[in-house]
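J.: Please find one structure pasted underneath; my questions will follow.
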Amino acid sequence: MPRVKGSPKKLAKTGNANTWIFLMKGESLESSEGIHPNMVKLRHPATNQSSMFVFSTGDTTVQEVMTFDENKRSWFINDTVRSDGKMHLSTPIDPIFLILPYLRKSQQVMPLEHVLQDEDYPETIRLLKCQNIKLSVIADRKGDESLQAYKFNEDKTLNWLKKKVEKVAIICRQKGIHVSQGAISANYVKSSKYEGGTDTEYLKYAHGIVSEYLAEDLSKKLFQYLNLQDETENKKRKLSSPVKNPPDEKRIKKDKIEKKEEEMPKGGALDLTKSEKPMKPPPATKKDIARQKAAAGSKSITSFFKKK
């Protein structure tokens with residue numbers, strides 16, 4: 001989502017028990033009376049867990065608080081050294097993202113002030129005072145306008161989220177953010193050779209950013225609504241897809257036999273339909289002739305065992 005333009009303001013909150021560094025953006029966080037913004041705990045729309053947010057003076061805007069914590073970091077504040085080197089940074093967030101989970105949960109027509117009632121997080125009701133909230137993009141208004149009664153509309157929500165993703169994709173492309181493989185490391189290297197990713201890659205990247213503020217099931221529905229295809233599912237489909245027109249086993253055996261017959265020499269194949277001529281005996285050698293003459297007139301050994 002596009003960030004609010006403006007130089008960051010450093011705010012160092014000091015006290016006896018705690019000291020921390022806060023970087024903020026946006027002129028609306030200041031007031032002429034010098035009143036500081038209010039930091040409160042709200043439900044995070046994606047995790048449903050406790051998270052820190054900052055309301056500006058008059059609750060006209062809300063920002064998300066992110067904390068950067070690294071080991072072996074300290075702050076020098078005035079004449080003291082603070083061993084806790086954490087840095088807090090606030091970024092603008094569309095309040096509709098914070099209202100969306102409550103509308104989805106209600107599943108009926110209710111006034112918005114009743115929808116946002118949360119015993120665990122009573123500060124949620126302050127979202128009603130935020131400026132430029134157009135709930136008609138995610139819900140249907142029922143009854144009189146002064147009643148502010150709404151019912152969640154999934155089709156409108158997916159269409160609204162689609163426009164959010166497309167805007168984020170355009171900004172990522174304009175800033176030359178690497179969205180292809182190796183994008184995490186490539187974004188830290190300045191290169192003029194990067195030609196940019198495809199429209200689908202930018203949409204997937206933008207979908208991941210927007211999904212940081214969505215429930216898991218809604219994120220999956222948005223992925224399908226954008227007509228994006230998961231690469232892992234595509235690979236599984238290719239591996240599990242059946243072979244078209246599998247070859248016949250009998251045909252394979254027949255082809256093998258015909259191939260072997262073609263490879264055999266012409267004289268090697270026997271034609272069983274024709275009678276074969278008897279083979280001529282080999283010519284007698286001198287030794288064979290001598291043996292025949294020596295055996296002439298001699299009786300067979302079986303003649304000695306005949307009855308007389």
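J.: Output ³J(HN,Hα) for the stretch 205-212: one whole-Hz value per residue in order, computed from phi by the Karplus curve 6.51 cos²θ - 1.76 cosθ + 1.60 with θ = phi - 60°, and x for Gly and Pro.
T.: Computed from phi, the couplings for the stretch 205-212 are 5, 5, 4, x, 5, 5, 5, 5 Hz.
J.: Now for a separate question. Leaving ligands, DNA and RNA out of it, rank TRP75, TRP160 by accessible area with a 1.4 Å probe, largest first.
T.: Values: TRP75 55, TRP160 30 Å².
The most accessible residue leads, giving TRP75, TRP160.
J.: Quick one: net charge around THR47, please, counting Lys, Arg +1 and Asp, Glu -1 for every other residue with C-beta under 12 Å from its C-beta.
T.: Numbers: positive: ARG43; negative: GLU212, GLU216.
That works out to -1.
J.: Here is a further query. I need to check one value: relative contact order of the stretch 53-109, counting alpha carbon pairs closer than 8 Å and at least 6 residues apart, in percent. Let's see the in-between values first.
T.: Values: 66 pairs, mean separation 18.0, N = 57.
Across the stretch 53-109, relative contact order equals 32 percent.
J.: Return the subset of LYS86/LYS167; LYS86/LYS221; LYS86/LYS175 for which the Cα-Cα distance in this structure is over 30 Å, preserving the input order. Don't skip to the answer; put the middle values down first.
T.: Numbers: LYS86/LYS167 32 Å; LYS86/LYS221 36 Å; LYS86/LYS175 28 Å.
From LYS86/LYS167; LYS86/LYS221; LYS86/LYS175, over 30 Å: LYS86/LYS167; LYS86/LYS221.
J.: Top to bottom by accessible area (1.4 Å), largest first, where do LEU158, LEU89 land?
T.: Values: LEU158 15, LEU89 50 Å².
Heavy-atom accessible area, descending, gives LEU89, LEU158.
J.: May I pose another question? With respect to the cross-link table entries LYS162/LYS204; LYS129/LYS162; LYS163/LYS220, which display a Cα-Cα separation exceeding 18 Å?
T.: Values: LYS162/LYS204 11 Å; LYS129/LYS162 26 Å; LYS163/LYS220 16 Å.
From LYS162/LYS204; LYS129/LYS162; LYS163/LYS220, over 18 Å: LYS129/LYS162.
J.: With contacts defined as alpha carbon pairs under 8 Å and 6 or more residues apart, what's the relative contact order of the stretch 56-174 in percent?
T.: Relative contact order for the stretch 56-174 comes out at 22 percent.
J.: Using the Cα centre of the stretch 56-164 as the reference point, and only Cβ charges (+1 on K/R, -1 on D/E), how large is the resulting charge dipole? Debye, rounded to the nearest 20. Before the final figure, lay out each step's value.
T.: On the way: 16 positive and 17 negative charges, 95 e Å.
For this selection, approximately 460 debye.
J.: Can you give the net charge of the other residues whose Cβ lies under 14 Å from the Cβ of ARG73, counting K and R as +1 and D and E as -1? If you can, show how the numbers build up before the last one.
T.: Values: positive: LYS72, ARG82, LYS86; negative: ASP69, GLU70, ASP84.
Around ARG73, the charge tally is 0.
The values are calculated or read from the model by the stated rules, or taken from the named source; none is laboratory data. Since the structure is predicted, the reported quantities are computational estimates derived from the model, not experimental observations. With ideal geometry, Cβ positions are generated from the backbone for all residues, glycine too; neighbour counts draw on all protein chains shown. Side chains are part of the model used for accessible areas, which takes the heavy atoms of the whole protein and leaves out ligands, DNA and RNA. Shrake-Rupley method; radii C 1.70, N 1.55, O 1.52, S 1.80 Å.
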